[in-house]
Amino acid sequence: RWLVAGRASRRLVLVVVFVALLLDNMLLTVVVPIVPTFLYTTEYEGTNSSVAPARTEPAPPALKAPPFSSMFSYFDNSTVTVSGSMSAVDLANGTESSHPPQPLASSPPLPSGCPEGKEFLAKENIRVGLLFASKALVQLVTNPFVGLLTNRIGYHIPMFIGFIIMFLSTVMFAFSGTYTLLFIARALQGIGSSFSSVAGLGMLASVYTDDFERGNAMGIALGGLALGVLIGAPFGSVMYAFVGKSSPFLVLAFLALLDGALQLCILQPSKISPESTKGTPVFTLLRDPYILVAAGALCFSNMGVAMLEPTLPIWMMQTMCSPKWQLGMAFLPASISYLIGTNLFGILANKMGRWLCSLIGMAVVGISLLCVPLAKNIYGLIGPNSGLGFAIGMVDSSMMPIMGYLVDLRHTSVYGNVYAIADVAFCMGFAIGPSTGGAIVRAIGFPRLMIIIGVINIAYAPLCWYLRNPTAKEEKIAILSQECPMQTKSYTTQKTLRDFPLTDDSDVEAE
């Protein structure tokens, strides 16, 4: 009875999507502080281990005659004999006076915590950027196919496929020791993330048919995304610094198994439930200017944080000499503020106007990115990263419900394709950002990169005004017009034949 009641509950469906997005984004961000330091440790220090013996062999001549001990004894160049064993040094005192500066010249690099190999770190910007972008690039290609698949077989099976692929990717991350294996694991994560995010958001849009309830549900689901981003980077940096590389991924693999068990209980992964009506084709949706504006807002606002992921830790290693645990903690303010922003504006955006919320959010994103290079230490990053996360939360919690609303307003109310487009926009930001960010940093520097992407966000913000009052098809004006007192009833009666909630008695409950 509990299982049947659980499958009939919309809230438990929301819990399933929340947990899936949480684990996906924990895996997305847990590698951010791990990969740069792991590659630096294994590749740069590994290559220098063969050079180190050659540099230590010339060291004994400098230590052969103890210059420091003789310096204290014979600093005045006098003939005073302290001990008989030191008389040999007294004879060479005039010639050895030039040797003490040599140890002093080699000592300053040791107290400073900055890593060596500036050229290696500059090249690593590009390699780490490509590694991070591989997930988004693969997800970008996979999303349209997943959108078509959800229209044909429903949301249950794609959701479970996403869990399986995510689990395999997590295990592969745990035991990968080379750049190539890490790259493959990251690309495999993109496939699993495509299945989970498109099917999960489409499932929520089909369950929560009222626009206001859908906005709240999307805000809660994006809170799972935010919580994953919040926990991922600090969790990864602390576990990697004190336990080891494999430990955070093994913990995530265990949590993924629990998520799979939850999906087996709440969803029906063996059940095929195609949409009752044919959805609007992807290319038709892409010709809709309102959908393009909303997708562009998602892309550019998330591109800023996507550029920060591979470049900020390396910039902190170069300029702030930050230890391993600080590389992930730098993203903590952005994650906390994103979590607050998505939950807060999931409700407020509908009242203040989602177009206005996204416009203000994009402007704040740009200003925050311009302030990031001004930081001199990790504490200087708290303000800009907090503003960045809060503003991206404003944009995401506004644009995701707008996507579903635009489909209801102007197209057929089938959501797989439109959330595939939303996820494509999200992934384009995370594909273009890391892949180009590393090359731009190497060419013109990190501060100028932040100026470029910040100005782009500020310049794009006024286009959100275009979403203030989108036009509807004539046959849907009477149903979805805000002036119509029957808005909710007319809107929800279209969904009475849908096979949700997830029980065989769904049609009876809908009546």
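The values are calculated or read from the model by the stated rules, or taken from the named source; none is laboratory data. Everything quoted here is computed from the prediction, not taken from an experiment. Cβ sites come from the backbone with ideal geometry, for glycine too, and all protein chains shown count toward neighbours. Keep in mind that these areas ignore ligands, DNA and RNA; they rest on the heavy atoms of the full protein, side chains included. Shrake-Rupley method; radii C 1.70, N 1.55, O 1.52, S 1.80 Å.
When only residues in region 402-423 that are within 15 Å of Y208 (Cβ to Cβ) and among the hydroxyl-bearing types (S, T, Y) count, which is most open to solvent (accessible area, probe 1.4 Å)?
Among them, the one singled out is Y405.
Out of region 29-54, which residues are hydroxyl-bearing (S, T, Y), at pLDDT below 65 and open to solvent by 50 Å² or more (accessible area, probe 1.4 Å)?
Here is the first cut: in region 29-54, the residues hydroxyl-bearing (S, T, Y) are 29, 37, 40-42, 44, 47, 49-50.
Filter again for at pLDDT below 65, leaving 44, 47, 49-50.
Correct list: T47, S49, S50.
Here's the yes/no breakdown for (1) open to solvent by 40 Å² or more (accessible area, probe 1.4 Å); (2) touching a helix residue (DSSP H, G or I) at 6+ places or on another chain (Cβ under 6 Å):
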| site | (1), (2) |
| --- | --- |
| L332 | yes, yes |
| L344 | yes, no |
| A349 | no, yes |
| G353 | no, no |
| I367 | yes, no |
| C371 | yes, yes |
| L374 | yes, no |
| G389 | no, yes |
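For Y240, work out the one condition from (1) within 29 Å of P323 (Cα to Cα); (2) modelled with pLDDT under 85; (3) surrounded by fewer than 24 Cβ atoms within 10 Å (Cβ to Cβ) it doesn't fulfil.
(3)
Can you work out which of the residues in region 441-458 that are in contact (Cβ under 8 Å) with a residue 60 or more places away in the chain and open to solvent by 30 Å² or more (accessible area, probe 1.4 Å) is farthest from V364 (Cα to Cα)?
Keep residues of region 441-458 that are in contact (Cβ under 8 Å) with a residue 60 or more places away in the chain, which gives 441-442, 446-447, 449-451, 453-458.
Now narrow it down to the ones that are open to solvent by 30 Å² or more (accessible area, probe 1.4 Å): 442, 447, 451, 455-456, 458.
Numbers: R442: 26, P447: 18, I451: 13, V455: 11, I456: 12, I458: 8 Å.
The qualifying residue farthest from V364 (Cα to Cα) is R442.
Please find, within region 1-28, the residue that is nearest to A199 (Cα to Cα) out of those that are open to solvent by 50 Å² or more (accessible area, probe 1.4 Å) and modelled with pLDDT of 85 or more.
F18
Evaluate the following for L267: is it at pLDDT 85 or above and surrounded by 14 or more Cβ atoms within 10 Å (Cβ to Cβ)? Full working, then the answer.
On the way: at pLDDT 85 or above: no; surrounded by 14 or more Cβ atoms within 10 Å (Cβ to Cβ): yes.
Answer is no for this residue.
Could you please find all residues in region 408-434 being in a loop (DSSP other than H, G, I, E, B) and of a type outside the set (V, I, T)?
Our first condition is that a residue be in a loop (DSSP other than H, G, I, E, B); within region 408-434, this holds for 411-415.
Listed by number, the residues that qualify are H411, S413, Y415.
Look at G232 and say whether it is closer than 15 Å to V19 by Cβ and in contact (Cβ under 8 Å) with a residue 40 or more places away in the chain. Step through it out loud before you land on a result.
Values: closer than 15 Å to V19 by Cβ: yes; in contact (Cβ under 8 Å) with a residue 40 or more places away in the chain: yes.
Considered against the rule, which asks whether it is closer than 15 Å to V19 by Cβ and in contact (Cβ under 8 Å) with a residue 40 or more places away in the chain, G232 comes out as yes.
Quick one: in region 318-330, of everything that is aliphatic (A, V, I, L, M) and open to solvent by less than 10 Å² (accessible area, probe 1.4 Å), which residue is farthest from I452 (Cα to Cα)? First the steps, then the outcome.
Residues of region 318-330 that are aliphatic (A, V, I, L, M), as a first pass: 320, 327, 329-330.
Filter once more, so that each one left must be open to solvent by less than 10 Å² (accessible area, probe 1.4 Å): 327, 330.
On the way: L327: 23, A330: 21 Å.
Selected residue: L327.
Of these, L130, L168, L148, which one is modelled with pLDDT of 85 or more and in a helix (DSSP H, G or I)? Spell out the reasoning first.
Values: L130 fails: modelled with pLDDT of 85 or more; L148 fails: modelled with pLDDT of 85 or more.
Criteria check complete, one pass: L168.
For region 424-440, indicate whether the set of residues that are at pLDDT 85 or above, more than 23 Å from M159 (Cβ to Cβ) and open to solvent by 20 Å² or more (accessible area, probe 1.4 Å) is non-empty. It would help to see each step written out before you state the result.
Kept after step one, since they are at pLDDT 85 or above, are these residues of region 424-440: 425, 440.
Subsequent filtering for residues that are more than 23 Å from M159 (Cβ to Cβ) retains 440.
Checking the rest, the ones that are also open to solvent by 20 Å² or more (accessible area, probe 1.4 Å) come to 440.
Looking for residues that are at pLDDT 85 or above, more than 23 Å from M159 (Cβ to Cβ) and open to solvent by 20 Å² or more (accessible area, probe 1.4 Å), one finds at least one in region 424-440, hence yes.
Scan region 170-195 residue by residue and report those that are of a type in the set (S, T, N, Q), more than 16 Å from the chain's Cα centre (by Cα) and surrounded by 19 or more Cβ atoms within 10 Å (Cβ to Cβ). Before you say what the answer is, go through the steps one by one.
Within region 170-195, the first condition is being of a type in the set (S, T, N, Q), and the residues that meet it are 170, 176, 178, 180, 189, 193-194.
Then keep just the ones that are more than 16 Å from the chain's Cα centre (by Cα); that gives 176, 178, 180.
The answer is S176, and nothing else.
Give me a count of the residues in region 280-295 that are open to solvent by less than 10 Å² (accessible area, probe 1.4 Å) and not hydrophobic (A, V, I, L, M, F, W, C).
1
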